[in-house]
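Input: a single structure, listed below in C-alpha cells.
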Amino acid sequence: MNKKTIESLEFDKVLALLSNYAMSEAAKQRALELLPIDEERKIKRWLNETTEACKIIEKSSSIPVHSLHGVEQIVTLVDKGYLPTPQQFEFLGAFLDSVKKIKRFMMKQEYHAPTVSSYAYSLYELTDLAEEITRCIRNNQVDDYASRALTKIRSKLAAIEEKIKTKLAQIMKGSSSFLQEQVISIRNGRYVVPVKSEYKRKFSGVIVDQSSSGQTVFMEPHDLNKLQDELTYLKVEEEVEIQKIIGQLTDMTAAYKQELLINIEGMVSYDFIFAKAKLSKYMNGHEVNILPDEGFNILSARHPLLGVNAVPLSVTLGKDYMALVITGPNTGGKTVTIKTIGILAMMVQSGLHIPADPNSSFCIVKDIYVDIGDQQSIEHSLSTFSSHITNVIEILNKSRKDTLVILDEIGSGTDPREGMGLAISILEALYDSRAMLVATTHYSEIKDFAEKAAGFQNGSMGFDIETLQPLYQLIVGKGGDSQAFSIAQKLGMPMGIIQRAKEISSRQSIEDLTIIPATKERERGQEKVAHKEKQQIQSYQVGDSVWIPHLQTKGIVEKTVNAMGELKLVVKGEKVTINHKRVKPFIKAEELYPDQYDMDQVFDAKDVRKKKKLMNRKHVDGVFIECMDEEK
C-alpha cells in the first residue's frame, strides 16, 4: 500500500496504537512498519495468531514476554570483540530466564493456542550459559565466588582494608587537633584524612588532594604507605581477574550467538503477536472470514479510531455490484463511512482483528487507491481541483481487478455541470477497470446515474429531519438528498422562498427560468406572468392522472393550476406541489372514476373521511378537522 493511502485512511494511527501495546523497541518498530499483504494463506495465519493470543490473554493476564532491554546490544558487542559489563550480563541472564519461562508457559497453552504455542519449540534455553551468568554475576557485579583466584584476592583486600581503617582510627585519635574533622575519605584511590592547612607541615604524611577553598588538605599518613601500596596492587589483580571472568562469559555468549538471535527474534514475535491481541481487546475486535472471490460483506463494523460510540456500519461490495455511490448532506458521515471500509480492509490484510461482527467477510485486494480531502499542493502551485484530478489520473492508470478505489466528493471544486459530467465519466472508467469502487458525491445527477447503471448501487446517510441531526448510518439501495430545503423549512424559512428555490433548482438551465421582477414591479409583473401563463397552461381537472418525468412516477391532481402555475398532486400517498410544466397528461379523471364519485376517497385520509361524515350529520363537540392547505 502506498504512503498516501496509509495516511489518508489513517492506518498509521492504528499502527501507532498497536505499537503502544508492544514492550520491546524491536516489536514497537515492527508494529509501526506493518503493511497489508495479499497472500491468502499468510493473512489467515496472521489472523489466527491474533485470535489464539486473545484466548491466551483471556486465561492469563501475566505473560512472560521480555522487553529485551540491553540484550540486543550484548549480542552486537560480543560479535565485535567487545567485553560487556556485568550489568549487561545481568540483562542477558534475565532474558534467558524469560525464555525458559515462556517456553514452560506456552507448553500449557497447546490445547487452545496450538499455532502460537508451537513457536516456543524454536527457542533455546541455553541452560549452561544462564547458570554461568547466575553464578558469576550478582547485583550488577562479578561475584566474589566467580573464581577461586577472585575469592582469594578479595579476601586479602578485605583484610588489608580493615588494617588500614584500624590504623587510621589510631592516627586520627592521636592527631585530632590537626584535623578539620574526624572523617576518613578516599582521594585518588588512597585513604586520607582531612588536615587543617596550617598544620600540613606538622602532620606526618603526603598531601594527596586539597579542598576548593584551600583550608583543608587531604593527607595520606606515612604509616599507611606500605599497606596502601599493597592494597593498590591487589586491586589491580582483582581487575585482571574480573576481566578474565568477563572474557570467559563473553566467549561463551559468542558461541551461542545464533541461538541468541533466534531467541531474540522469537521474543519479538511473541511481543508483537500479544500486542495485536491487546489491540483487539481494546477495540472489541474479532477475526473475520477471508473469502477471495466474494467481495466485502461488512457487518456491524465501527471505525477503529472512533470507539464503541460510533454508529455500526453494514455494507456489501464486490459481489452483486462493484461500485457504491454514497450521497447525503455535509457532516452526515459519508467520509467516515468510506474511510471505515478502507481502513478495515487494510487491517484485515495486516492480520489484525477489526471491530465488526465475526461473520463479516473480506476478499483480498492487491492495492487500495484513495482521493480523500484537500490534497492541494503548495509547492507545485496546484489548485484543489487540479490536485484532485492529478491524483485521480494516477488512480485511473493503476486501477485494475482486485483493487479498491475510494473517492471522496468526486468532481467537486469546479463548475457543477462540468464536474458532474467528469465525475460520471471517471466512475465509468474505473468500473471498466474492474476495480471495486466506493465514492461520495453531492451531485444528484450521479445518484440518478448510479441508479440506472449496471454494476452500480446507491447509498445514503440517514438524516433525522425532526432534530436536523445526521444519523451517521449508511442506507444501501437508496440515494440521499442534501436536505437543504427540509432544513430551511424546519428552521422557519418562508414557504414562498422554498417553493421558489425548488422551482429554480428544477430548471435545466438558468435560461429556462422566469426571473421575478424587482420589489416595486413585483406585483404588476406577477400579474402579467400569471395572465401570460394562464393562456399556455394545459387544462387539468381534479382527479386527472399525470406523469411526472423527473420522478418517473404518476400523480393525481388534487387542485388545479394556481396563479403561480402550480399543481397540487397526490404522489404515492404524499401531497406535493409541482409546476404544471414539469408534468404531462396521462389519464383524464372521467376515464378513471365513475360519475358522482366522491373524490375525498382519493385525497382524504380514512379518519378525516369519518369525521366529515359525522360532521355532515350533526355538530359534535371536540371533533375538528385540521386544514393544512392555506387555500381552504
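The values are calculated or read from the model by the stated rules, or taken from the named source; none is laboratory data. All of these numbers come straight from a predicted model, not from anything done at the bench. All Cβ positions, glycine included, derive from the backbone under ideal geometry; neighbour counts span all protein chains shown.
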### Query
Out of (1) touching a helix residue (DSSP H, G or I) at 6+ places or on another chain (Cβ under 8 Å); (2) touching a residue at least 60 places away in the same chain (Cβ under 8 Å), the odd one out for THR216 is which?
(2)
### Query
Among (1) in contact with an Asp or Glu (Cβ under 8 Å, 6 or more places away or on another chain); (2) assigned by TED's automatic domain parsing to the domain that holds LEU474, which single condition is ILE298 missing?
(1)
### Task
Quick one: which strands (runs of 3 or more DSSP E) lie wholly within the range 158-269 and hold at least 2 residues that are under 60 Å from the mean Cα position of the chain (by Cα) and not assigned by TED's automatic domain parsing to the domain that holds THR115?
185-187
### Query
So which of ILE368, ILE378 ends up being more than 20 Å from PRO312 (Cα to Cα), at pLDDT below 95, of a type in the set (Val, Ile, Thr) and not in a helix (DSSP H, G or I)?
ILE378
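Would you check which residues across the range 320-362 are at positive phi and among the hydroxyl-bearing types (Ser, Thr, Tyr) and list them?
Within the range 320-362, the first condition is being at positive phi, and the residues that meet it are 328, 331, 333, 351.
The answer is THR331, and nothing else.
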### Query
THR440 fails exactly one of the following numbered conditions: (1) surrounded by 15 or more Cβ atoms within 10 Å (Cβ to Cβ); (2) farther than 30 Å from LEU291 by Cα. What is the number of that condition?
(2)
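Could you tell me how many of the residues in the range 270-296 are crowded, with 17+ Cβ neighbours inside 10 Å, among the charged types (D, E, K, R) and outside any loop (DSSP other than H, G, I, E, B)? First the steps, then the outcome.
Filtering the range 270-296 down to residues crowded, with 17+ Cβ neighbours inside 10 Å leaves 270-280, 283, 285-288, 290, 295-296.
Add one more test, that the residue is among the charged types (D, E, K, R), and what stays is 271, 276, 278, 287.
Subset that is outside any loop (DSSP other than H, G, I, E, B): 271, 276, 278.
Residues meeting the conditions: 3.
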### Message
Which count do you get for residues in the range 126-157 that are over 48 Å from the mean Cα position of the chain (by Cα) and not in a helix (DSSP H, G or I)?
### Response
3
### Task
Hey, could you check the range 11-36 for residues that are closer than 22 Å to SER399 by Cβ and out of contact with any Ser or Thr (no Cβ under 6 Å at 6 or more places or on another chain) and say which is surrounded by the fewest Cβ atoms within 10 Å (Cβ to Cβ)?
LEU35
### Query
Does LYS257 qualify as being surrounded by fewer than 23 Cβ atoms within 10 Å (Cβ to Cβ), basic (Lys, Arg) and within 25 Å of LYS28 (Cβ to Cβ)?
yes
### Task
Kindly indicate whether ILE57 is of a type in the set (A, V, I, L, M), under 20 Å from TYR282 (Cβ atoms) and either assigned to a loop (DSSP other than H, G, I, E, B) or modelled with pLDDT of 90 or more (or both).
yes
#### Entry: Long-range neighbours under 9 Å by Cβ, at least six apart or interchain, first residue farther than 17 Å from LYS559 by Cβ within the range 579-599, second loosely packed, with under 11 Cβ neighbours inside 10 Å and polar (S, T, N, Q)
GLU590/GLN541
#### Entry: Of residues in the range 210-245 being in contact with a strand residue (DSSP E or B) (Cβ under 7 Å, 6 or more places away or on another chain), modelled with pLDDT of 90 or more and more than 15 Å from LEU179 (Cβ to Cβ), the one surrounded by the fewest Cβ atoms within 10 Å (Cβ to Cβ)
ILE242
### Query
Given the conditions (1) at pLDDT 95 or above; (2) surrounded by fewer than 19 Cβ atoms within 10 Å (Cβ to Cβ), and given that GLY307 satisfies all but one, which numbered condition is not satisfied?
(1)
### Message
Among (1) buried (at least 17 other Cβ atoms within 10 Å of the Cβ); (2) of a type in the set (S, T, N, Q); (3) in contact with a helix residue (DSSP H, G or I) (Cβ under 8 Å, 6 or more places away or on another chain), there is one condition GLN182 misses while meeting the rest; what is its number?
### Response
(1)
### Message
Where the second residue is of a type in the set (Lys, Arg) and outside any strand (DSSP E or B) and the first is loosely packed, with under 15 Cβ neighbours inside 10 Å and lies in the range 389-403, which pairs have Cβ atoms under 6 Å and are six or more apart or on separate chains?
### Response
LYS401/ARG434
